[in-house]
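These notes are about the structure you will find just below.
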Amino acid sequence: MIQCAEAIIEFKDGLVFKRRIRKRYRIKEIDERIRKERTRSEAKLISEARRRGIPTPIIFDIFDYTLVMERIEGDLVREVITPRISEQIGELVGKLHRNGIIHGDLTTSNLILGSDNILYLIDFGLSFFDSSIEAMGVDVHVFFQSLKATCKSWKELKESFIKGYTRSLPDAPQVLTRVSEIEQRGRYVARKK
Ligand SMILES: Nc1ncnc2c1ncn2[C@@H]1O[C@H](COP(=O)(O)OP(=O)(O)OP(=O)(O)O)[C@@H](O)[C@H]1O
Ligand SMILES: [Mg+2]
């Protein structure tokens, strides 16, 4: 069992049960609505991505605040990332963006390198449909932040990601320009504090 910020993850019979837990600081009715909505929306986005050829877990069931899905056997990308894998992630995220899907929480813990050597995206709780340069830019920015936070060789990994992303998405140059602007905004805010 894994307890995360928003959910409890349980593994049983090759399946994953992801149950969204109550947040005490939210009014009960609102809390229930949010949890139901996020569960439903996560199931929808995981399935939509899969339909478009992006490897994600198969969704088997959904009830109340619980998602039942296929367990992906493999390693968290955080533990095994190399420049080659980062380039593949770039290609995968490019494909996701080409299909108008924003992941919303692109971190190295939300990608699994399967035992079948296929890269899987998981955790679509914050995902949504959007094809704007800004939304794609924020997605890529979040991924770069996660590289910085978890990998010593983040600069090299960032370059590899860019290689794959650019190959896979025609709009990549505009998105990457926006990512630099978002980084600048971040610095400005940090200085002002
Ligand atoms: N389908 C799956 N197959 C294998 N492992 C999974 C699967 N879904 C979730 N996990 C494991 O459970 C962890 C947490 O799942 P997930 O990221 O979906 O939940 P979360 O509540 O959003 O987590 P966090 O609070 O860390 O963002 C993942 O990092 C992964 O290790
Ligand atoms: Mg997660």
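Relative to the Cα centre, what is the charge dipole magnitude of region 114-193, using +1 at the beta carbon of each Lys and Arg, -1 at the beta carbon of each Asp and Glu, and rounding to the nearest 20 debye?
Charge dipole, region 114-193, about its Cα centre: 620 debye, nearest 20.
If you take the charge dipole of the chain about its Cα centre, with +1 on Lys and Arg Cβ and -1 on Asp and Glu Cβ, which of Ser168, Ser131, Ile58 is farthest toward its positive end?
Ser131
Work out the length of the dipole vector of the chain about its Cα centre, built from +1 on the beta-carbon of each Lys and Arg and -1 on the beta-carbon of each Asp and Glu, and round it to the nearest 20 debye.
Dipole magnitude for the chain comes out near 760 debye.
Pop the C-beta distance of Ile8 and Asp130 into the FRET formula with R0 = 25 Å and round what comes out to the nearest 0.05.
E between Ile8 and Asp130, to the nearest 0.05, is 0.30.
In terms of the ratio Rg/(2.2 N^0.38 Å) built on C-alpha atoms, what value belongs to region 35-131?
1.03
Looking at Thr107, Leu92, Ile27, which one has the Cα that reaches farthest to the positive end of the dipole of the chain (charges on Cβ: Lys, Arg +1; Asp, Glu -1)?
Highest projection toward the positive end goes to Ile27.
Once phi is turned into ³J(HN,Hα) by the Karplus curve 6.51 cos²θ - 1.76 cosθ + 1.60 with θ = phi - 60°, what whole-Hz value does each residue of region 132-140 show in order, with x for glycine and proline?
Here the 3J(HN,Hα) series is 7, 4, 4, 5, 5, x, 5, 4, 5 Hz.
First select every other residue whose beta carbon is under 10 angstrom from the beta carbon of Met69; then total the charges, Lys and Arg +1, Asp and Glu -1.
Neighbour charge sum, excluding Met69 itself: -1.
From the phi angles alone, apply the Karplus equation (6.51, -1.76, 1.60; θ = phi - 60°) to region 9-24 and give each ³J(HN,Hα) in whole Hz, x where the residue is Gly or Pro.
Taking θ as phi minus 60°, the curve returns 10, 10, 10, 8, 6, x, 10, 10, 9, 10, 10, 6, 9, 5, 9, 5 Hz for region 9-24.
Can you check what the net charge comes to around Phe161, using other residues whose Cβ is under 14 Å from the Cβ of Phe161 (Lys, Arg +1; Asp, Glu -1)?
Computed value for this residue: +2.
Going highest first, how would you order 135-144, 152-161 by mean Cβ packing within 10 Å?
Most protected by this proxy first, the peptides run 135-144, 152-161.
Can you tell me the equivalent ellipsoid semi-axes for the chain? Use √(5λ) from the Cα gyration tensor, largest first, whole Å.
28, 21, 16
At what distance in angstrom do the alpha carbon centres of region 154-189 and region 53-85 lie from each other?
One Cα centre to the other: 25 Å.
Run the helix sum for the chain: -39,500 (n - 2.57) per DSSP H stretch of 4+ residues, divided by residue count, reported at 222 nm to the nearest 500 deg cm²/dmol.
-17000 deg cm²/dmol
Every number in this text was worked out from the coordinates using simple rules, so none of it is lab data. This is a predicted model, so every value here is computed, not measured. Note: ideal-geometry Cβ built from the backbone for every residue, glycine included; neighbour counts use all protein chains shown.
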